Amino acid sequence: MNRISSQPGLVSLDDRRRTEPPALVLVAHGSRDPRTLSTVHDLLDRLRDRHPGLPVHLGHIELNEPLLPDTLASLGQAEAVLVPLLLSRGYHVKRDIPEMAAASRAQTRVAAPLGPHPLLVETLHARLIEAGWHTDEETRCAGAVVLASAGSRDPDSAVDTRRTAQLLADRLGVPVVPAYASAATPTVETAIRALTARGRHKVAVASYFTAPGLFARQCAEKAPWIASAPLGTHPAMADLILHRYDQASAAQVTSAA
């Protein structure tokens, strides 16, 4: 798949060239699992290596420091693009992040969540291949995938996850069923049983999580065949974060206190 070329834009709101692009603030959910924080910091390093002149910061919604309001406070009245390290629409994307942005003095834009997008499918495919997914005739006839994600009560989140599942199904040529660790149905176990009843006896669990954690581990343990690693620091993830940054950079400032 062709990669998106992502050079941070240098066009200001009044179409004049600026000397410094808006800061990129990667907004992570936060986790008690130290591997999650380590993964997020590795992603930040990839972004900084890719674009040394781009100011890159981190803010968490909860559980880890720095919290997003503190990161925004440190920016003063500077321009910033907030890129959620989240895979679908939901309460955090629709309410929490915009409200934190609006309460700050920074001139902010909030980017779309990472999913759905073909670059996520590229990453999911790569992780499945790493885990032992085969592209032979037997797998095409008997294989299937459960796309395991955290889950949300927001119906738009389910819409986004189903779209990713369909894109992955198109890529693999086998059925892909979305399933959830919490807050939504079906569960991973239910999805596996449904696929098995359809004659799909090689069922893989694709970990649709940005980093290792409790939900990712619990879902992987349900896999009857193979389970892929979380999305992590695959190069396509950095490409996608920068793509969302560029998209939002071209939009109008949404808050300025």
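The values are calculated or read from the model by the stated rules, or taken from the named source; none is laboratory data. It should be emphasised that the depicted structure is a prediction, and the values quoted were computed from it without experimental measurement. A quick note on method: Cβ atoms are made from the backbone with ideal geometry, for glycine too, and the neighbour counts reach across all protein chains shown. Surface areas here come from the heavy atoms of the whole protein model, side chains and all, with no ligands, DNA or RNA. Shrake-Rupley method; radii C 1.70, N 1.55, O 1.52, S 1.80 Å.
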Open item on the list: If I filter region 154-166 for residues that are among the hydroxyl-bearing types (Ser, Thr, Tyr), in contact (Cβ under 8 Å) with a residue 12 or more places away in the chain, in contact with a strand residue (DSSP E or B) (Cβ under 7 Å, 6 or more places away or on another chain) and closer than 22 Å to TRP225 by Cβ, do I get at least one hit?
Closed with: yes
- [ ] Kindly indicate whether ASP42 is at pLDDT below 95 and acidic (Asp, Glu).
- [x] no
Task: Unmet requirement for CYS141, which otherwise passes all of (1) out of contact with any helix residue (DSSP H, G or I) (no Cβ under 9 Å at 6 or more places or on another chain); (2) in contact (Cβ under 8 Å) with a residue 24 or more places away in the chain; (3) not polar (S, T, N, Q) - done: (2)
TODO: Out of the residues in region 171-209 that are touching a residue at least 12 places away in the same chain (Cβ under 8 Å) and charged (D, E, K, R), state the one that is surrounded by the most Cβ atoms within 10 Å (Cβ to Cβ).
DONE: LYS202
- [ ] Give the residue, chosen from GLN218, GLN247, that is open to solvent by 60 Å² or more (accessible area, probe 1.4 Å), modelled with pLDDT of 95 or more and over 30 Å from GLU79 (Cα atoms).
- [x] GLN218
- [ ] Find the strands (runs of 3 or more DSSP E) located wholly in region 32-142 whose residues include 1 or more that are open to solvent by less than 10 Å² (accessible area, probe 1.4 Å) and of a type in the set (Gly, Ala, Ser), and list them.
- [x] 56-60, 79-84
Task: Qualifying residues in region 143-170 (those that are among the β-branched types (Val, Ile, Thr) and within 17 Å of LEU114 (Cβ to Cβ)) - the one surrounded by the fewest Cβ atoms within 10 Å (Cβ to Cβ) - done: VAL159
Open item on the list: Here is a check on your reading of the model: is ALA78 at pLDDT 95 or above and in contact with a Pro (Cβ under 9 Å, 6 or more places away or on another chain)?
Closed with: yes
Open item on the list: Let me confirm something: among ARG153, ARG89, which residue is basic (Lys, Arg), modelled with pLDDT under 95 and in contact with a helix residue (DSSP H, G or I) (Cβ under 9 Å, 6 or more places away or on another chain)?
Closed with: ARG153
Open item on the list: Just to confirm my filter: which helices (runs of 4 or more DSSP H) fall fully inside region 164-257 and include at least 3 residues that are out of contact with any Gly (no Cβ under 9 Å at 6 or more places or on another chain) and under 30 Å from PRO52 (Cα atoms)?
Closed with: 235-249
